[in-house]
1. Report P(r) for the chain: all Cα-Cα distances, bin width 20 Å, range 0 to the bin holding the largest distance, values in whole percent.
2. Rounded, prolate or oblate: which one fits the range 29-93, using the alpha carbon gyration tensor with axes a ≥ b ≥ c (rounded when a/c is under 1.5, else prolate when a/b beats b/c, else oblate)?
3. Expressed as a whole number of Å, what is the distance separating the alpha-carbon centroids of the range 171-237 and the range 7-38?
4. Taking amide H positions as placed 1.01 Å from N in the peptide plane, with prolines and chain starts having none, which residues 5 or more places from Gly143, or on another chain, fall under 5 Å of its amide H?
5. Per residue, how much accessible surface does the range 188-331 expose to a 1.4 Å probe? Answer in Å², no decimals.
6. In whole Hz and in residue order, list the ³J(HN,Hα) couplings for the range 278-291 that follow from phi through the Karplus curve 6.51 cos²θ - 1.76 cosθ + 1.60, θ = phi - 60°; x for Gly and Pro.
7. Answer rounded, prolate or oblate for the range 109-238, using the Cα gyration tensor with square roots of eigenvalues a ≥ b ≥ c: rounded when a/c is under 1.5, else prolate when a/b is larger than b/c, else oblate.
8. What are the ³J(HN,Hα) values, in whole Hz, obtained from phi via the Karplus relation 6.51 cos²θ - 1.76 cosθ + 1.60 with θ = phi - 60°, for each residue of the range 316-328 in sequence order, with x given for Gly and Pro?
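The values are calculated or read from the model by the stated rules, or taken from the named source; none is laboratory data. Keep in mind that what you see is a predicted model, and the values were worked out from it rather than measured. Cβ coordinates were reconstructed from backbone atoms using ideal geometry, including for glycine residues, and neighbour counts include every protein chain displayed. Protein only, heavy atoms only, side chains kept; ligands, DNA and RNA dropped before computing areas. Shrake-Rupley method; radii C 1.70, N 1.55, O 1.52, S 1.80 Å.
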Amino acid sequence: MRLIQFMDREGARKVGIVDGSKIQVISQVSRMRELALLAIRQGNGLERQAQLLNSNQVEDYAAILKEQRILAPLDHEDPAHCRIAGAGATHLSSTSTRDKMHRQIDGEEMSKTDTMRMYEWGMQGGRPGPGRVGVQSEWFYKGDGDIVVAPGQALPCPDFALDAGEEPELVGLYVIDDEGCPRRLGFAIGNEFSDHVMERRNYLYQAHSKLRYCSFGPELRVGALPPHLVGMTRIRRNGRVIWEQEFFCGQDNMCHQIENLEYHHFKYNQVLRPGDVHAYFLGAATLSFAYSVRTQPGDSFEIGIAELGEPLVNGIVQVATRFAIDGVRQM
């Protein structure tokens, strides 16, 4: 089952089941989070709860997308209670790119970068088997729900940014239940959107490079994923494709078990606040940055994985920072 969140033409929020070209509207709830918490409290799975609340109301999916009424498939009414984070060095191809970015420092070649060491640790200890804790991956924080851009909308790029590069990823979507236990709703397509030029200057700038907007959706696929997935990323400029690349993702193409990545994200008690939602990016497989592509405002990204439904499309728009040097005021 695949689910979406959207606005109807009257401006009311809705949750719907994807049924080919149609959307079956779900009754009684207006948010995916509500649907998930209701399912948990009634002892149902998410798919079962959606089926129980399936109404007779139908919407046209193409119209929702065209009219830009689609929303991210999971959010929180208070954005501060939506956490966006991710894992890195989980796929060989993107790790190789970052390894080259980090290999030369002040003109001296390093024999092995920390990025490659992290990937090798994942290969050696990231798949410990059921019930066992493996090596932890790289982890980064992106922001709260205010940095999530709806599918179809432009990703804001700050005027101080050195790059505006896509990162096509799988995103795990979660809600924390009343007992403080993370519940995985399913997965979505994600564009993690980072500043790779800043990160290339020095890998210690990675935390800065990740504090950007992101997008995921338009659909949430309920339940487990096929272990091998093939996706496609395209970048368009003035309506013309200037770069495209196939990528592999899914468990078979990762050096960590997804459950191991989840453990090292949720093992901290401070992230287990009941009712909060989490979007966790599971690592990119390929980047246009590795092929010397430099995007610009007005370009658009399209990331598609057939098993996750409609592709994720976002533009780029430059925005001015609201803060200036010497902008802090003394009380």
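1. In order of increasing distance, the bins hold 31, 58, 10, 0 percent.
2. oblate
3. Between the Cα centres of the range 7-38 and the range 171-237 lies a distance of 22 Å.
4. Counting only residues 5 or more places away or on other chains, the set is Ile84.
5. About 48 Å² of surface per residue is accessible.
6. Karplus values, whole Hz, x for Gly and Pro: 10, 10, 10, 6, 9, x, 8, 9, 7, 9, 5, 4, 5, 10.
7. Oblate shape, in that a/c is at least 1.5 and b/c is the bigger or equal ratio.
8. Result, ordered by residue: 10, 9, 7, 10, 7, 5, 7, 10, 10, 4, 6, x, 6 Hz.
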